[in-house]
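The values are calculated or read from the model by the stated rules, or taken from the named source; none is laboratory data. Fair warning: this is a prediction, and the values are worked out from it, not measured in the lab. Neighbour counts run over all protein chains shown; Cβ positions are idealised from the backbone, glycine included.
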Amino acid sequence: MKAFELFAGAGGMSLGLKNAGFELVGAFDAWKLATENYNTNVGPHAEVFDLKDVAGAVVEIARRSPDIIVGGPPCQDYSLAGKREEQANASLTKSFSMIVSGVRPEWFLMENVIQVLTSDTWMVAKEVLKVAGFGISILKADCSFYGVPQSRRRCFVVGRRGECDGFLDKALERAASDRPMTLRDLFGAAVPEALYFPARMPSKRSVWGPDEPAPTIRSSSLRPVPANYMPHDEDAALIENGYVYTRPFRGGRGVRSVDEPMSTITRTSFERPTGRYLNAQNEKDPVSAADTAVLTLSQISRIQGFPADWRWLAKSKRDICQMIANAVPAPVAARLGKVIMDWHRGESGAEIIDGFVDWVVLKGRSRSSGYNVKSSLRRARKLLGNRIFDNVEMEIAALQQLAGFVSLPVASKSDIRQALRLYTAFLNETPKVKKKGRLRKTPAGNDNLSAALVDVDDTDADFGT
Ligand SMILES: C[S@@+](CC[C@H](N)C(=O)[O-])C[C@H]1O[C@@H](n2cnc3c(N)ncnc32)[C@H](O)[C@@H]1O
């Protein structure tokens, strides 16, 4: 699939898509420095382009015929850390939707803070995308379940032309890991052997395994160093220390263990605790914030999913931090990209919801007839490349264009049409929250359902970058 990125920044999202097998055909960003970093690390696709020029962008992008347009429009206007006034930056979300509907690729993928979903701007942008014929799925993700050790919460909006709303919800949710990734998962390999934490009393042990929580870190923890002690690199030092500090959000905890994900990476992730914080630490902090490890620029970059050999080019650390904080972590983009690609190739598709055969039997048919209906439905899905249409008549119309359908015996064609209509009737009678595949449209849309299925814990900072 050919991908074009808008608001590409230094290229976190593009890198992830490239790693998932997408062919990158272009990337636009208004910040020259970010495009230079992109071109140095990802590939020579990035150009300086002000995306307020919607018509110009449509012409330029359409020339490269992408299958998917991706992008994370600036989010300061929506973020909890910002003032939440929808102004110039928010209008760029509308630019995104207008460019997508002007170019009309088959797919789009948009990333933003979760607050965007309740904004006036998104209401308009969504309408533009709906009018252009896109079915829309929304994932509210904690990125620590999608391949980075960071409890960054973001929404990912995926659209495909002709599908129904919610078509990809389940597949996106299923791409999550069973447990969050921790800092130890990323950096722990640097500490292959047992750790030495000199105990204060001879009766206490001094050697700790790398997979257990470190003992309480005290100012004397790393002394005296035994004569045979080998100095460790920065990752080992982080794991040995066992804790990091991050500026707390809404009076929350400032100290995190390496056995947790880091909080959302922002421009201030390097900050050391202030005197004010040290004098009144959160009571849940496991150790003194003063004793926590100091994260290096390379570590912050890797927590955000950039590879260890990524080269940051900038005169100021501030600019590098901005580009890091802006990024969609590449592992997250790669995972979601894989879901999209599998769907695009027809290698995955919506499941047939449990209970369909029972429902057919309840309607007066025999069980074997129920199984036949289910098998006709599967046949229809296969012929349609697993695509789920917005309504059953569109589905049947699409089938009738396909040579594989046209060549079937009349009875089989009739069975398939009937199976699709029965399944639609079944979905319309099934309570919404039990649905795993196709979602019934309601006047209010499907967003409430997505919210009910994904439990979003909003206790973490959700900084716009
Ligand atoms: C949230 S960042 C996107 C980061 C990117 N998705 C990544 O993974 O690295 C938003 C980007 O929008 C860019 N931007 C802001 N206003 C713009 C405009 N008018 N035209 C083009 N890009 C703009 C910023 O320079 C910034 O790099």
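Some values worked out for this structure:
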{"item": "Failed condition for L80, given (1) modelled with pLDDT under 95; (2) within 14 Å of the ligand (Cβ to nearest atom); (3) in a loop (DSSP other than H, G, I, E, B)", "result": "(2)"}
{"item": "Residues within segment 269-279 that are buried (at least 17 other Cβ atoms within 10 Å of the Cβ) and over 10 Å from Y245 (Cα atoms), tallied", "result": "1"}
{"item": "The listed residue being within 16 Å of the ligand (Cβ to nearest atom), under 30 Å from I136 (Cα atoms) and out of contact with any Cys (no Cβ under 6 Å at 6 or more places or on another chain), out of R335, R318, R379", "result": "R335"}
{"item": "Candidates F356, F306 - the one that is within 12 Å of the ligand (Cβ to nearest atom) and aromatic (F, W, Y)", "result": "F306"}
{"item": "Some residue of segment 64-77 being within 13 Å of the ligand (Cβ to nearest atom), modelled with pLDDT under 95 and farther than 20 Å from C155 by Cβ", "result": "no"}
{"item": "Residue tally, condition away from the ligand (no atom under 11 Å from the Cβ) and surrounded by 15 or more Cβ atoms within 10 Å (Cβ to Cβ), over segment 49-63", "result": "4"}
{"item": "Residue within segment 124-136 that is under 16 Å from R335 (Cβ atoms) and part of a strand (DSSP E or B) present", "result": "no"}
{"item": "Long-range neighbours under 8 Å by Cβ, at least six apart or interchain, first residue without any contact (Cβ under 8 Å) to a residue 12 or more places away in the chain within segment 136-159, second surrounded by fewer than 22 Cβ atoms within 10 Å (Cβ to Cβ) and part of a loop (DSSP other than H, G, I, E, B)", "result": "none"}
{"item": "Only one of A30, A20, A8, A46 that is more than 7 Å from the ligand (Cβ to nearest atom) and in contact with a strand residue (DSSP E or B) (Cβ under 7 Å, 6 or more places away or on another chain)", "result": "A46"}
{"item": "Single residue of segment 357-416 satisfying the filter (modelled with pLDDT of 90 or more and touching a Gly at 6+ places or on another chain (Cβ under 6 Å)) that is farthest from G346 (Cα to Cα)", "result": "V361"}
{"item": "Pair list, Cβ under 6 Å, 6 or more apart: segment 13-27 residue among the β-branched types (V, I, T), other residue outside any helix (DSSP H, G or I) and within 9 Å of the ligand (Cβ to nearest atom)", "result": "none"}
{"item": "Some residue of segment 72-82 being under 19 Å from the mean Cα position of the chain (by Cα) and among the hydroxyl-bearing types (S, T, Y)", "result": "yes"}
{"item": "Selection status of G9, in a loop (DSSP other than H, G, I, E, B), under 22 Å from the mean Cα position of the chain (by Cα) and closer than 23 Å to Q322 by Cβ", "result": "yes"}
{"item": "Residues of segment 395-414 satisfying the condition of being aliphatic (A, V, I, L, M) and either surrounded by 11 or more Cβ atoms within 10 Å (Cβ to Cβ) or more than 19 Å from K374 (Cβ to Cβ) (or both)", "result": "I396, A397, A398, L399, L402, A403, V406, L408, V410"}
{"item": "Criterion: modelled with pLDDT under 95, part of a helix (DSSP H, G or I) and more than 12 Å from the ligand (Cβ to nearest atom) - qualifying residue of L117, L92", "result": "L117"}
{"item": "Where a residue in segment 28-47 is within 16 Å of P73 (Cβ to Cβ) and its partner, wherever it lies, is at pLDDT below 95 and hydroxyl-bearing (S, T, Y), with Cβ under 7 Å and at least six apart", "result": "none"}
